[in-house]
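First the structure, in the form of structure tokens, and then the observations on it.
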């Protein structure tokens, strides 16, 4: 047995030490078909009880008001590293050996150092320079659309993010199908439907992904290029304490996070726009789509010292879930929250998190979403749903299983 920073079972993550007598206890299976298709009624029911409630299926308290979620995400008395990391079987080591060096799961000072190196390489200039490439890629994909009904997720939404992140990092984009497969297998470890079969697939994907990234790093050392991977290697070689394991994990994290959430964002936004009759795509439209149906619904924090949150006592070692999508529909922060209203003058949405773990790829995600939606709207103005869309069983993420359309 060994320890790791990640979860073993998504439905057994909580601690019983939290004083939950003041919270309403609610049960809702995250894999229930009705919840998968529409989780928002449950969030509304839970929100009626206050800022926090106890989600019995997860065995932990969850925050769902906008003020509570934002406060917890920014409170340095809580963080991503567990106080007492759970023990895991040795067979899961290939997956958790990668997670152990992920800045997403770390706190300062390691988080500060790793994030600083990525931000330095992930410059706004480099992101802005991708705009023509993204537009060209979108146009190229649209030219390949079949004449009859087809799945827009497979033909468009799932391709754009992985190709863009490959080009940004300097990873061979002809390996995109492998990257998609590995990423999907690894991300499934954080879904409520996790099973022994999913764990085995994630282990195999972790081994293959690590081998691919190590091979790519070796090639880039021999032949540097104008890409983010070359910059990260340069930082390592300059003695900025970026170990090889950290470099491998950072590349995998950027590839996984750089495509997984963006795929869901594009699909969810396309579904909204098609239902709304095709409003003009601009930055406010993109922001409202991200608010109304974001790709990530739950993000956890560990409590580092005894404290009181919105009238509820917590102890060191407790775990709190932040329901980002519920916070985005809090009527106290967003009047008429279920309505699609681009241009709202409201607080910051929670879709990219907040605090020191705010998504480093948010500018790239917004750019990809804007260009993908705008290009499709301009070139396919008659695009329409061919059948009701269905969401996949991937909670605590939210994304479409398919989006069948006709041009």
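The values are calculated or read from the model by the stated rules, or taken from the named source; none is laboratory data. Computed from a predicted structure; not experimentally measured. Positions of Cβ are generated from backbone atoms using ideal geometry, with glycine treated the same way; all protein chains shown enter the neighbour counts.
Data overview
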| quantity | calculated |
| --- | --- |
| Residue match in the stretch 342-349 (condition: at positive phi, in contact (Cβ under 8 Å) with a residue 40 or more places away in the chain and not in a helix (DSSP H, G or I)) | yes |
| Qualifying helices (runs of 4 or more DSSP H) (wholly inside the stretch 31-134; at least 2 residues being touching a residue at least 24 places away in the same chain (Cβ under 8 Å) and in contact with a helix residue (DSSP H, G or I) (Cβ under 8 Å, 6 or more places away or on another chain)) | 40-47, 66-74, 93-99, 110-121, 124-128 |
| Boolean, residue 334 is closer than 23 Å to residue 42 by Cβ, in contact (Cβ under 8 Å) with a residue 12 or more places away in the chain and buried (at least 20 other Cβ atoms within 10 Å of the Cβ) | yes |
| Tabulated pairs, the stretch 224-238, first under 12 Å from residue 169 (Cα atoms), second at pLDDT below 85 and surrounded by 18 or more Cβ atoms within 10 Å (Cβ to Cβ), C-beta under 7 angstrom, 6+ apart or interchain | 228/121; 228/122; 231/121; 232/121; 232/242 |
| Residue in the stretch 345-354 that is modelled with pLDDT under 95 and crowded, with 18+ Cβ neighbours inside 10 Å present | no |
| Hits in the stretch 66-84 (condition: crowded, with 16+ Cβ neighbours inside 10 Å and farther than 21 Å from residue 49 by Cβ) | 75, 78, 79, 80, 82 |
| Residues of the stretch 168-186 classified as touching a residue at least 40 places away in the same chain (Cβ under 8 Å) and surrounded by fewer than 18 Cβ atoms within 10 Å (Cβ to Cβ), total | 1 |
| So residue 137, is it over 19 Å from the mean Cα position of the chain (by Cα), under 29 Å from residue 299 (Cβ atoms) and buried (at least 17 other Cβ atoms within 10 Å of the Cβ) | no |
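Quick grid of which residues meet (1) loosely packed, with under 15 Cβ neighbours inside 10 Å; (2) within 30 Å of residue 201 (Cα to Cα); (3) over 20 Å from the mean Cα position of the chain (by Cα):
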| position | (1), (2), (3) |
| --- | --- |
| 51 | no, no, yes |
| 58 | no, yes, no |
| 64 | no, no, no |
| 104 | no, yes, no |
| 111 | no, yes, no |
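Residue-by-condition table, conditions (1) touching a helix residue (DSSP H, G or I) at 6+ places or on another chain (Cβ under 6 Å); (2) within 30 Å of residue 33 (Cβ to Cβ); (3) buried (at least 18 other Cβ atoms within 10 Å of the Cβ):
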| residue | (1), (2), (3) |
| --- | --- |
| 188 | yes, yes, yes |
| 193 | no, yes, no |
| 196 | no, yes, no |
| 200 | no, yes, no |
| 223 | no, no, no |
| 228 | yes, no, yes |
| 231 | yes, no, yes |
